[in-house]
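Data block below; observations after.
Values in this text are rule-based calculations from the coordinates and carry no lab data. Note that the structure is a prediction, hence the values are computed from the model and not measured. Cβ atoms come from the backbone with ideal geometry, glycine included; neighbour counts cover every protein chain shown.
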Amino acid sequence: MKPLLAGLAALTATPALAEGELHIFNWGNYTPPELIEKFQDTYDVRVTVTEYDSNDAALAKIRAGGHGFDIVVPTSSFLPIWIAQDLLMQTNPGQMENAANILPEWADPEWDPGRVYTAPWQWGTTGILVHTGSYAGDINSSAIFLDPPEELRGRINVVPEMQDIMNLAVMYYGGEICSADMDILRQVRDGMLAAKPFWTGIDYPPFETLINEDILASTFWNGASGRIRAANPEFAYGYPREGFPIWMENVAVLADARNPDNAKLFQNFVMDPENAAIISNYLRYANAIAGSEAFMDPDLTDAPELVIPEDLQGSAQTARLCEPATQDIYTRIWTEVLR
């Protein structure tokens, strides 16, 4: 009971007691300035934000030690690694005051049962962003990057997130996430190697390269796609009918955090409906907090990037990390594709 009582005590601390620092390690362009300003003003805490570009990069930085961060925001499929390697502190966000706002479907996730370590940040999907002014065909297919249409060849980007791309490719060739079927995996390898000459790169593209139409298609995430569409309405987000992953990013406190009480305050803070809406309005992703819709931008309610078409909802699969032997095969295939 002592850890729980300590966590609750931190949440009831007055702003004067909460003063100090908080150092957040989060994805690039993924932390709303408005949210940080509000937290700083509410608790008199000075916040710094440092960014990373992949789950692997975040893990490597924290494993190396000496980082000085308090908060990290891992993707759900990677959380088992963080937990197994004792990199996170048990802060019991599921017992915090604002945990009552978590939607039931996100309150007890398989990657963190009972939310012993994490508070929800945002959830989303991985699919295909396509410039529909250049391609009038079906965008709800991973064929866009695995069997590229003539109109898009040489202008297609693939993001360098192994798990996302392997998941899309495995499902395109008839498997399920984490399939170890060697016939399917051979098709995945051969298919990506055959398609690669038609890709312009394997990169995290600056938004400007899409908005300016230097890139006409990319494997991408739904919220980021919504931000591109807002700047260039000819882009549209596709949900591959062969299958696409659903994932969630989560706010966790690092085991060696120097400011754990302020980090716990931040976990509780992001589960407030108004604050969750600030995050969604900035990132254009859905959140897991009931009541946040009252504070969200009206256009998010029916945004095509957030509302999965009814006929494609059955194609969604929850992203997860595969068994070690399968993960090793995926890594070998991905390494070959990157050469």
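What share of all Cα pairs of the chain, in percent, falls into each consecutive 10 Å distance bin?
5, 25, 33, 23, 11, 2, 0
Pop out the Kirkwood hydrodynamic radius of the range 79-189 from its pairwise C-alpha distances, inverse of mean 1/r, in Å to one decimal.
17.2 Å
If r is the Cβ-Cβ distance from ARG186 to GLU213 and R0 is 35 Å, what FRET efficiency results, to the nearest 0.05?
0.50
How far, in degrees from 0 to 90, does helix 324-338 lean away from the longest principal axis of the Cα atoms of the chain, to the nearest 10?
60 degrees
Which aspartates and glutamates have a Cα lying under 16 Å from the Cα of LYS264, excluding residues fewer than 8 positions away in the same chain?
Straight-line reach from LYS264, under 16 Å: GLU19, GLU21, ASP44, ASP70, GLU97, ASP256, ASP272.
Give me the extension gain from GLU323 to LEU338: residue separation times 0.36 nm, minus the current Cα-Cα distance, reported in nm with one decimal.
Separation in residues times 0.36 nm, less the Cα-Cα distance, equals 3.2 nm.
Helix 260-270 sits at what angle to the longest principal axis of the chain, using alpha carbons and giving 0 to 90 degrees rounded to 10?
Between helix and principal axis, roughly 60 degrees.
Have a look at the range 230-339 and give its Rg and Dmax from the Cα atoms, expressed in angstrom.
Calculated on Cα positions, Rg and Dmax stand at 18.3, 48 Å.
Helix 2-11 versus the longest principal axis of the chain: what angle, 0 to 90°, nearest 10, using Cα atoms?
90 degrees
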